[in-house]
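Down below is the structure, laid out as structure tokens.
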Amino acid sequence: DIVLTQSPALAVSLGQRATISCKTNQNVDYYGNSYMHWYQQKPGQQPKLLIYLASNLASGIPARFSGRGSGTDFTLTIDPVEADDTATYYCQQSRNLYTFGAGTKLELK
Amino acid sequence: QVQLQQSGAELVKPGTSVKLSCKASGYTFTSNHMNWIKQTTGQGLEWIGIINPGSGGTSYNVKFKGKATLTVDKSSSTAFMQLSSLTPEDSAVYYCARGINYGGYSDYWGQGVMVTVSS
């Protein structure tokens, strides 16, 4: 199984940059694509797709969100952070079946 | 617009089975795979399996083989997941999510259904 490791929590100030990391124990690249995706989940809601294939912004998602990385190291960046961004963020790989990270809870300082 | 409408919350007894539904609308049902995902407080998000509504073909997380069975009814654009031999560890919120073929990510999710297994 491919294991995804995320930090449990991150606290940032409004207007600052938030960088959330996701590391995998195996390479998730294949034929030029990185099979890593990011979701946002707020309490009581379903997850929402933010970024797909490492760096592509999903439809309707503000440009404040961006993703980068390849191989085994990936990051989701929110810049600038707004109050509405408080949520838990999950990474997910689809290189070998599908697994999710444990999530990073973003809080405001 | 794409919508995935899941059935209501379930309270079921240990040892029994439950069948959850996910009705799709706003797109051609057979054009996208459908994923099922389990969410618990302790285990986070776990992928259960995927079904191709066009062919009925399935693939499961080995952890859920024998526990979950995925089916579809193309005539009603509805996906189903049956969970069998339920135990308290199966208590969770279950989501269906539309899969993007060859990408492996889910662009639309149902609202989730809470299943509680208790005697």
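The values are calculated or read from the model by the stated rules, or taken from the named source; none is laboratory data. Since the model is a prediction, treat every value here as computed from it, not as a measurement. Every residue, glycine among them, receives a Cβ derived from its backbone with ideal geometry; neighbour counts consider all protein chains shown. Side chains are part of the model used for accessible areas, which takes the heavy atoms of the whole protein and leaves out ligands, DNA and RNA. Shrake-Rupley method; radii C 1.70, N 1.55, O 1.52, S 1.80 Å.
So, by mean Cβ neighbours within 10 angstrom, what's the order for A:15-22, B:5-12, A:36-43 with the highest one leading?
Output ranking for A:15-22, B:5-12, A:36-43: A:36-43, A:15-22, B:5-12.
Among the residues of B:94-107, the average count of other protein chain beta-carbon atoms within 10 Å of the residue beta-carbon is 5.
Label-to-label distance, B:Thr16 versus A:Thr86, with points set 7 angstrom from Cα along the beta-carbon direction: 3.9 nm. Ordered from largest to smallest accessible area (heavy atoms of protein chains, 1.4 Å probe), the residues A:Glu107, B:Glu89 come out as B:Glu89, A:Glu107. Note down the Stokes-Einstein diffusion coefficient of the protein assembly as shown in µm²/s, whole number, using a Kirkwood radius over alpha carbon pairs, 4 °C, and 1.567 mPa s. Taking Rh from Cα pairs, D becomes 72 µm²/s.
A straight line joining the Cα centroids of region B:1-67 and region A:1-73 runs 23 Å.
For the cross-link pairs A:Lys42/B:Lys23; B:Lys23/B:Lys65; A:Lys105/B:Lys74; A:Lys105/B:Lys13, which exceed 29 Å when the distance is taken from alpha carbon to alpha carbon?
A:Lys105/B:Lys74; A:Lys105/B:Lys13
Under a crude label model (7 Å from the Cα following the beta-carbon direction), how far is A:Ser55 from B:Thr87 in nanometres? Calculated label separation equals 4.5 nm.
Grab the beta carbon distance between A:Arg64 and B:Asn101, set R0 = 41 Å, and tell me the FRET efficiency rounded to 0.05. Plugging the Cβ-Cβ distance into 1/(1 + (r/R0)^6) gives 0.90. Placing dummy labels 7 Å off each Cα toward the beta-carbon, the span from B:Met114 to A:Asn96 is 3.7 nm.
Averaged over the residues of A:51-59, the number of partner chain Cβ atoms lying within 10 Å of the residue Cβ comes to 2.
Counting Cβ atoms of other protein chains within 10 Å of each Cβ in B:43-53 and taking the mean gives 3. Taking the DSSP bridge list for chain B and keeping only pairs wholly inside it, about 90 percent are antiparallel.
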